Amino acid sequence: MSVLSTSPEEAGTSIPADPVSADAARPLGPVVMHRLAEMHAYVSALREQGLTVGLVPTMGALHAGHLSLVDALQQEVDTVIVSIFVNPTQFAPGDDYDSYPRTLDADVELLATVGVDAVFAPTPAEMYPQGELRTSILPGLPGRYFEGKTRPTHFAGALTVVNKLLNIVQPDVAAFGEKDFQQLVLVTNMVADLNLPVRILPVPIRRDTDGLALSSRNARLSETERVTALFLSKAVLAVQRQCVDGALPSEAKRVGLSLLEAQPGIEVDYLEIVEPQTFVPVADDVAGAARVILAARVGQVRLIDNAAVEIAGPSTEENA
Ligand code: PAF
């Protein structure tokens, strides 16, 4: 299927003057824009018509997980825009920036099937005309642990590009997946701390029928590695079940870790049960809502997963 697309070279010649009436004449799929100026004009036209706007920021290689973000947003706003940009500043040297899948045509086709209105797919030069970043957003304390510890520059890059995308698109609502739970918390904090005029819509993890959390990186797993990777969701869900059954956090965590350690081909980075706002590991004498978070390498592919857990707290004479 062909898609409506403006190449960066053509940019400026195809700004849709009226995105709504353009819709009727555009059965082929979303409007694809590469330039900031196009995006501004598109959103201004929507605003003039009093339409609300939602943004799903992505790095492409889209799958059903992204479509659930689109679906959640379609319930909330008139127009859904998906940004597709593999953001170089959130990858460190040695990360998978070069090998990260780039599948723009297939992504646009997929988005056409669910009625997405527009795609914003800028080039790195369009997003970072100065080359180097001169200003960036640093996450607070919760961003220094776990993903922030393993990938020390990752969240500054991700928050900065999210901030830029929110400024460029100026959506009423932006959807983020719980799959990247730490990112979701940091983005929500950024929006509150910097008084950004947008509402963040969290969307639950979408899993394959066998439990594997959907991720663009799953495409890089071999068949055997994919089978091995299933133990990540098994471990997370086992920890969750242990907590439901009243296990102490340290016991629940041990069950998850031993499941993973019994599997050749999995290298665990972390598995922890944390307080969901601060990311401080929960002690055995607390009760309440927490999150089990996990990162592990399967072959060359680093995957993350998580789930909400409810800690019953230590048994006392009264509740024993
Ligand atoms: O979650 C992602 O795909 C990326 O971190 C995001 C939010 C699109 C920023 O590049």
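The values are calculated or read from the model by the stated rules, or taken from the named source; none is laboratory data. Treat the numbers as computed from the prediction; the structure is a model and nothing was measured. With ideal geometry, Cβ positions are generated from the backbone for all residues, glycine too; neighbour counts draw on all protein chains shown. Accessible surface is based on the protein model in full, side chains and every heavy atom, while ligands, DNA and RNA are left aside. Shrake-Rupley method; radii C 1.70, N 1.55, O 1.52, S 1.80 Å.
Counting only residues that are near the ligand (Cβ under 10 Å from one of its atoms) and aliphatic (A, V, I, L, M), which one in the range 145-169 is surrounded by the most Cβ atoms within 10 Å (Cβ to Cβ)?
Among them, the one singled out is Ala158.
Determine whether the range 180-190 contains at least one residue that is of a type outside the set (A, V, I, L, M, F, W, C), within 15 Å of the ligand (Cβ to nearest atom) and surrounded by 20 or more Cβ atoms within 10 Å (Cβ to Cβ).
yes
Within the range 107-122, track down each residue that is in a helix (DSSP H, G or I) and crowded, with 22+ Cβ neighbours inside 10 Å.
Answer for the range 107-122, where residues must be in a helix (DSSP H, G or I) and crowded, with 22+ Cβ neighbours inside 10 Å: Asp107, Val108, Leu111.
Would it be correct to say that Gly60 is part of a loop (DSSP other than H, G, I, E, B), within 13 Å of the ligand (Cβ to nearest atom) and in contact with a strand residue (DSSP E or B) (Cβ under 8 Å, 6 or more places away or on another chain)?
yes
Consider the range 82-106. How many of its residues are assigned to a helix (DSSP H, G or I) and within 12 Å of the ligand (Cβ to nearest atom)?
Qualifying residue count, the range 82-106: 3.
Considering only the range 70-81, I want to know if a residue exists there that is charged (D, E, K, R) and not in a loop (DSSP other than H, G, I, E, B).
Within the range 70-81, one or more residues are charged (D, E, K, R) and not in a loop (DSSP other than H, G, I, E, B).
Leu237 - would you say it is part of a helix (DSSP H, G or I) and either open to solvent by 60 Å² or more (accessible area, probe 1.4 Å) or within 29 Å of Ser315 (Cα to Cα) (or both)?
It is true that Leu237 is part of a helix (DSSP H, G or I) and either open to solvent by 60 Å² or more (accessible area, probe 1.4 Å) or within 29 Å of Ser315 (Cα to Cα) (or both).
Considering every residue within the range 192-206, establish whether at least one is in contact with a Lys or Arg (Cβ under 9 Å, 6 or more places away or on another chain), within 14 Å of the ligand (Cβ to nearest atom) and either under 30 Å from Ala262 (Cβ atoms) or among the basic types (Lys, Arg) (or both).
There is at least one residue in the range 192-206 that is in contact with a Lys or Arg (Cβ under 9 Å, 6 or more places away or on another chain), within 14 Å of the ligand (Cβ to nearest atom) and either under 30 Å from Ala262 (Cβ atoms) or among the basic types (Lys, Arg) (or both).
Which residue, of Ser68, Ser14, Ser21, is modelled with pLDDT of 95 or more and of a type in the set (S, T, N, Q)?
Within the list Ser68, Ser14, Ser21, the selection yields Ser68.
Can you confirm whether Glu76 is open to solvent by 30 Å² or more (accessible area, probe 1.4 Å), touching a residue at least 12 places away in the same chain (Cβ under 8 Å), more than 12 Å from the ligand (Cβ to nearest atom) and out of contact with any Cys (no Cβ under 7 Å at 6 or more places or on another chain)?
So Glu76 passes the test.
Kindly evaluate Asp172 against the criterion of being open to solvent by less than 50 Å² (accessible area, probe 1.4 Å), acidic (Asp, Glu), touching a residue at least 40 places away in the same chain (Cβ under 8 Å) and more than 12 Å from the ligand (Cβ to nearest atom).
For Asp172, the condition - open to solvent by less than 50 Å² (accessible area, probe 1.4 Å), acidic (Asp, Glu), touching a residue at least 40 places away in the same chain (Cβ under 8 Å) and more than 12 Å from the ligand (Cβ to nearest atom) - is not met.
Might you check whether a residue that is of a type in the set (Lys, Arg), more than 25 Å from Leu46 (Cα to Cα) and without any contact (Cβ under 8 Å) to a residue 12 or more places away in the chain occurs anywhere in the range 130-144?
yes
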